[in-house]
Amino acid sequence: MRNTLLPIPPRRLETLRQFLDPVICQVEIPEYIAADPVAFMYRFDDKEDRNLAGFLAALMAWGRRDIVLAKTANLLDRFGTGPTNFIGNMTPTDEQRLEGFRHRTFKAHDIWWLLQALSRILRDYGSFERFWLDCHLADRVSGQRHLLTEFHNRFFALIPEAPVRVKKHLASPEKNSSCKRLWLFLRWTIRRDSCVDPGTMTFMPASELMIPLDVHVARYARMFGLLTRPANDWKAVAELTARLQLMDPADPAKYDYALFGIGIHGMAIPDEFIINAVR
């Protein structure tokens, strides 16, 4: 990638939108679900179960999709019941259920601490969405921090005794992370009227979603001139989302399907849309 990437001229955004919107229609279809971690939300009918399963699936969404699906299935199967019942009624002996679990840098003990935080959320807030709502309201009132920073800090305040290493499993804008997995979870739960995203929470509008930035999305975003920052970090997420909002202010995160789908489906890109030649 060259040092300087060119941005798409604003006048060409509408033409690009007309190209990308049909791609979304090809990718965002019910058949997408089975091979994606969002499928674990559809295992359950209860909204709380869906939210907790989705959160854990999003945290596991790191690496090859087949491995992610296998590891998430293994984790949820260890509960022996729905996530809400297991997490809400955990006892110290339940940690044994996680013995031997490992995924990337996740170890069984890390998962146990994250589950303890979720258990305290259910106890203190009544639901996972209520916890997100309180984080959102606090962010709005203070205006000093981002929703995901508020979420990160409040989440770990519930388990102050947890080892420091556990904190690295939840990203934060304060660390300039793209927070890809958290935005993926929020895309699943906030977007409504989607045949893929379950839309189980209403604490914020879809217009406030930011793009779940992975290497595939970033590559095509740079090719189209939607992203000029070379690093896949928080500033890149902000830059890309700002341009996507110009194409659809109400639902910018839907373009995750287009930018991701072009790569996985090997779709041809007309030369007129290529602003930057990137690998």
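Quick look at the numbers
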{"quantity": "Cβ-Cβ under 9 Å pairs, at least 6 apart or on other chains, region 86-104 side without any contact (Cβ under 8 Å) to a residue 40 or more places away in the chain, far side in a loop (DSSP other than H, G, I, E, B)", "calculated": "86/80; 89/81; 97/80"}
{"quantity": "Residue selected from region 176-186 under the condition surrounded by 22 or more Cβ atoms within 10 Å (Cβ to Cβ) and in a loop (DSSP other than H, G, I, E, B), by the criterion nearest to the chain's Cα centre (by Cα)", "calculated": "179"}
{"quantity": "Number of positions in region 221-242 that are more than 22 Å from residue 171 (Cβ to Cβ) and in a helix (DSSP H, G or I)", "calculated": "1"}
{"quantity": "Breaking point among (1) farther than 20 Å from residue 9 by Cβ; (2) not in a loop (DSSP other than H, G, I, E, B), for residue 250", "calculated": "(2)"}
{"quantity": "One residue from 212, 173, 198, 252 being farther than 29 Å from residue 31 by Cβ and crowded, with 18+ Cβ neighbours inside 10 Å", "calculated": "173"}
{"quantity": "The listed residue being free of Cβ contacts under 8 Å to residues at least 60 places away in the same chain, assigned to a helix (DSSP H, G or I), loosely packed, with under 14 Cβ neighbours inside 10 Å and not acidic (Asp, Glu), out of 53, 34", "calculated": "34"}
{"quantity": "Tally of residues being surrounded by 17 or more Cβ atoms within 10 Å (Cβ to Cβ) and closer than 21 Å to residue 53 by Cβ across region 12-31", "calculated": "1"}
{"quantity": "Residue list for region 57-95, filter: exposed (fewer than 13 other Cβ atoms within 10 Å of the Cβ) and among the charged types (D, E, K, R)", "calculated": "64, 65, 66, 77"}
{"quantity": "Only one of 189, 200 that is assigned to a helix (DSSP H, G or I), of a type in the set (S, T, N, Q) and under 15 Å from the mean Cα position of the chain (by Cα)", "calculated": "189"}
{"quantity": "Which listed residue is more than 24 Å from residue 183 (Cβ to Cβ) and either in a helix (DSSP H, G or I) or aromatic (Phe, Trp, Tyr) (or both), from 19, 86", "calculated": "86"}
{"quantity": "Residue match in region 136-145 (condition: over 21 Å from residue 237 (Cβ atoms) and not small (Gly, Ala, Ser))", "calculated": "yes"}
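Rundown of residues vs (1) of a type outside the set (Ser, Thr, Tyr); (2) touching a residue at least 24 places away in the same chain (Cβ under 8 Å); (3) within 19 Å of residue 178 (Cα to Cα), yes/no style:
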| residue | (1), (2), (3) |
| --- | --- |
| 121 | yes, yes, no |
| 124 | yes, yes, no |
| 134 | yes, no, no |
| 137 | yes, no, no |
| 141 | yes, no, no |
| 146 | yes, yes, yes |
| 151 | yes, yes, yes |
| 155 | yes, yes, yes |
| 160 | yes, no, no |
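Residues checked against (1) closer than 20 Å to residue 169 by Cα; (2) out of contact with any strand residue (DSSP E or B) (no Cβ under 9 Å at 6 or more places or on another chain); (3) of a type outside the set (Val, Ile, Thr):
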position	(1), (2), (3)
44	no, yes, yes
52	yes, yes, yes
61	yes, yes, yes
87	yes, yes, no
100	yes, yes, yes
113	yes, yes, yes
121	yes, yes, no
124	no, yes, yes
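None of the figures in this text is laboratory data; all of them are computed from the coordinates on show. Keep in mind the model is a prediction, meaning the values are calculated, not measured. Note that we place each Cβ from the backbone using ideal geometry, even for glycine, and neighbour counts take in every protein chain shown.
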